[in-house]
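Just below is one structure, and these are the notes that go with it.
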Amino acid sequence: MKRFLATTVAASALALMLGMASARAEDTIDPNAKQGGAITITYKDDVATLDPAIGYDWQNWSMIKSLFDGLMDYEPGTTNLKSDLAESYEISPDGKTFTFKLRHGVKFHNGREMTADDVKYSLDRVTNPKTQSPGAGFFGSIKGYDDVAAGKAESLSGVTVVDPYTVKFELTRPDATFLHVMAINFSHVVPKEEVEKYGADFGKHPVGTGAFKLAEWTLGQRIVFERNADYWHKGLPHLDKITFEIGQEPIVALLRLQKGEIDVPGDGIPPAKFQEVMADPEQKARVVEGGQLHTGYVTMNTTMAPFDNVKVRQAVNMAINKARVIQIINGRAVPANQPLPPSMPGYDKEYKGYPYDVAKAKALLAEAGHPDGFDTQLFAMNTDPNPRIAQAIQQDLAAIGIKASIQSLAQANVIAAGGDKAGAPMIWSGGMAWIADFPDPSNFYGPILGCAGAVPGGWNWSWYCNKDLDAKAAEADSVVDPAKAVERGKMWSAIYDKIMEDAPWAPVFNEQRFTMKSARMGGADNLYVDPVHIPINYDNVYVKDVQ
Amino acid sequence: MIAYLGRRLIQSLLILLGVSLITFALLYLLPADPVRQIAGRSATPQTVENIRQQLGLDQPFVVQYWHYLTRLVSGDLGRSYIQRSEVTELIVSRLPASLLLMVGAILCELLIGLSMGLIAAVKRGTATDQTLMVASFVGVSAPQFVVGLLLLYVFAVRLSWFPIGGYGTWRHLVLPSLTMGILGAGWYARMMRSSMIDVLRQDYVRTARAKGLARGAIIFRHALPNAILPVIAMIGIDIGIFMGGIVVVESVFGWPGIGQLAWQAIQRVDIPIIMGVTLVSAFAIVLGNLLADIIAPFIDPRIKLR
């Protein structure tokens, strides 16, 4: 389950938006955009379900966003929240009640108008255990969630339909991330009659309010999206048709792109071809680079000797030559010194991190009682370039006397070892690293650094659990008042600074994204490295060779 | 004959049962937790437990296997954990592509293998014979992903004779069939050569030669039909090799068959699909062997089914 949600501008997106009441949808249409035309996108793997309550990989995530809508969304190409199906919203002073006014005249692909009942139904559905939604937990702050999750109730008591165009959410605690939660796919609105008609196969017959509707799905071969002529947002989408061709290796996709047969290779530029592409000016001109809300890191199991000693963990932080690791991936990243990626609100620009200093690292090891180092294991996922990165780290560690043997395993096995308290002393996170679900600093804490994730089967692979920081995190997330957004950002910065002091991780790099497109594709560059829509923002891009 | 068939059918069923049990047990013992895979990282422990319960994965092994078997009897292979579609639907939608590839591959291997074997036998002991036998050895030992990529590079990328992967027309079929066929062709060339050499030593061939028949007539009219039969009978057994090969070849060429489905499922620990494809493959292999055995006496009356 790789998830993302990346970055760009928008330092304190949430803060800026809280005060905003009306939609700014109309001003997002590119005046140069041409209408019509079709594009082809390739993928290697089958597309899993297109059910918004279930789909949770980077491939179907943005496809679902084009078929369905939520109450909130982000301005194209940015992490700035905007209202979507909601026309406006109000937040109570205590931050515990959110009231959304819905747009009038929004229609599902089956022609029926969407109302507040559909919003409530969709949330009741996603939280119902029978739906098996991986995202149910995102709605934990809504009143009545516990009863629904436990199977004791069918409906969330905290979601009330006030009138057909007004829906009210009552929360059990002030939740500064709630508007982001209303923008993630899991909260997207589905029509009850279609869900009931198709049952478990709704994901193969998706019906939403989105810019595109599903026209064809030939299993294992292709998916075709067709323009929704009745889309509520007039002027969108620009394209008439998108064809997703499935089962194409990235290398084959690149060759076909070069021959002009396709428009976007969905799996990106294959690493083996990256330098070749970037060395050719004609090809490089069609590559768009952008940031991602991603951090690659080495976890150290704080419950296992000798990593239970903070000095050992700090020594590892100083031993890794991050610049050299980045060379291994052809410079497709920037060095990281803290858990949050640079474009995430709450990123501490002042923080300098641990320097690369072999002598000091050795001294710290000696202070910790390991002047001659020790033997340990470094787990890594077995797909390129991760074993090579693990080897570079292994060499760096050897320089200070730590002899790490590499355990190169399938992804699922590394995840399993990380979720076992006695499973893995060190893990290189590559291929499984955290990419935020939404652009908020809290998203990098709970599951991967908080006590909640330090459980068997959890994602906190360093088993770092600091109750004091958990309390501080809860406190920061209760600051819903937009006027205090900067303060909230600082609270989060302080939390991550403290984490770095304890050094459960050695942050290594933040990956950059590179999207390649055909020459005929138009639209602003940020649509091609959209932090929310990966690989590209289907609703807003266009082709230049029509009309 | 009927008693033999009945016995063989029971044996086949037992083999399939054994395959299902072993695969199920291996997947159960896998250290990866499928529920974690489905739930993703952000799921709360409660969500994970809910999903586990919904899928019945909190049950003991024996109960899970029993549920699987009882559903299997009614043709239900369950639902994919990741795609959430019915496994039967996924396999059925991809089976035609794999069968087409298999037909293409059989044609390729017979055409290439039998011709090579025939020429080698006729030119026995010459440089041609040796070259062909070395070539067949290379064909048998070359990894299929290497052969596939090589063919793709030369004939699709460089020469543009065929499309670079994909599915739909006969031109798409050529390179993957050839890749699969080259492996089998090596075996067939060797079998055909020795079978042909055997036949050419037979008295009736000598008689034909003594009668003064033309060399071509002897080889094609008298020797070939007899030499080719035992080789053809091997096709049923080939299915096993095909089932192994399609996982690689379909992935290289983006061929939408069950091999590609299996490969994706393995990477994502999508257990119902892995089980389903394994069972379908096992079924195909068992069926292929059964057919080969049934056909054998018709081809060679010396073989009796007992």
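The values are calculated or read from the model by the stated rules, or taken from the named source; none is laboratory data. Note that this is a predicted model, so its numbers are computed, not measured. Positions of Cβ are generated from backbone atoms using ideal geometry, with glycine treated the same way; all protein chains shown enter the neighbour counts.
Here segment A:111-134 is the region considered, the condition is being farther than 15 Å from A:His188 by Cβ and modelled with pLDDT under 95, and the residue that is surrounded by the fewest Cβ atoms within 10 Å (Cβ to Cβ) is A:Lys130. Could you check segment A:46-76 and list, in sequence order, the residues that are within 19 Å of A:Asp117 (Cα to Cα) and facing chain B (nearest Cβ under 9 Å)? The one that is within 19 Å of A:Asp117 (Cα to Cα) and facing chain B (nearest Cβ under 9 Å): A:Asp51.
Across segment A:444-479, the qualifying residues are those that are assigned to a helix (DSSP H, G or I) and within 14 Å of chain B (Cβ to nearest Cβ), and the one among them that is surrounded by the fewest Cβ atoms within 10 Å (Cβ to Cβ) is A:Cys451. Looking across segment A:6-48 at every residue that is in a loop (DSSP other than H, G, I, E, B) and touching a Phe, Trp or Tyr at 6+ places or on another chain (Cβ under 8 Å), the one that is modelled with the highest pLDDT is identified as A:Gly37. Of all residues in segment A:118-150, those that are of a type in the set (Gly, Ala, Ser) and not in a helix (DSSP H, G or I) total 6.
Residues in segment A:393-422 that are surrounded by fewer than 22 Cβ atoms within 10 Å (Cβ to Cβ), more than 9 Å from every other protein chain (Cβ to nearest Cβ), outside any helix (DSSP H, G or I) and among the small types (Gly, Ala, Ser): A:Gly401, A:Ser405, A:Ser408, A:Ala422.
Scanning segment A:344-390 for residues that are surrounded by fewer than 17 Cβ atoms within 10 Å (Cβ to Cβ) and among the acidic types (Asp, Glu) yields A:Glu350, A:Asp357, A:Glu367, A:Asp372, A:Asp375, A:Asp384.
Please go through segment B:255-302 and pick out each residue that is in a loop (DSSP other than H, G, I, E, B) and at pLDDT 85 or above. Listed by number, the residues that qualify are B:Trp255, B:Pro256, B:Gly257, B:Asp270.
Here B:Val87, B:Val147, B:Val92, B:Val157 are screened, and the one residue that is surrounded by 21 or more Cβ atoms within 10 Å (Cβ to Cβ) and within 14 Å of another protein chain (Cβ to nearest Cβ) is B:Val87. Among helices (runs of 4 or more DSSP H) entirely within segment B:10-92, having at least 2 residues that are under 23 Å from B:Phe283 (Cα atoms) singles out B:61-73.
For segment A:278-308, a residue qualifies if it is charged (D, E, K, R) and under 19 Å from the mean Cα position of the chain (by Cα), and exactly one does: A:Glu289. Would it be correct to say that A:Val161 is without any contact (Cβ under 8 Å) to a residue 60 or more places away in the chain, closer than 30 Å to A:Val479 by Cβ and more than 14 Å from chain B (Cβ to nearest Cβ)? Criteria met by A:Val161. Against the test of being in contact with a Phe, Trp or Tyr (Cβ under 8 Å, 6 or more places away or on another chain), surrounded by 20 or more Cβ atoms within 10 Å (Cβ to Cβ), within 14 Å of chain A (Cβ to nearest Cβ) and not polar (S, T, N, Q), the options B:Val252, B:Val231 yield a single qualifying residue, B:Val252.
Please work out which residue is surrounded by the most Cβ atoms within 10 Å (Cβ to Cβ), limiting yourself to segment A:255-278 and to residues that are outside any loop (DSSP other than H, G, I, E, B) and more than 14 Å from chain B (Cβ to nearest Cβ). By that ranking, first place goes to A:Val264. Of all residues in segment A:288-331, those satisfying the criterion of being among the polar types (S, T, N, Q) and not in a strand (DSSP E or B) are A:Gln292, A:Asn301, A:Thr302, A:Thr303, A:Asn309, A:Gln314, A:Asn317, A:Asn321, A:Gln327, A:Asn330.
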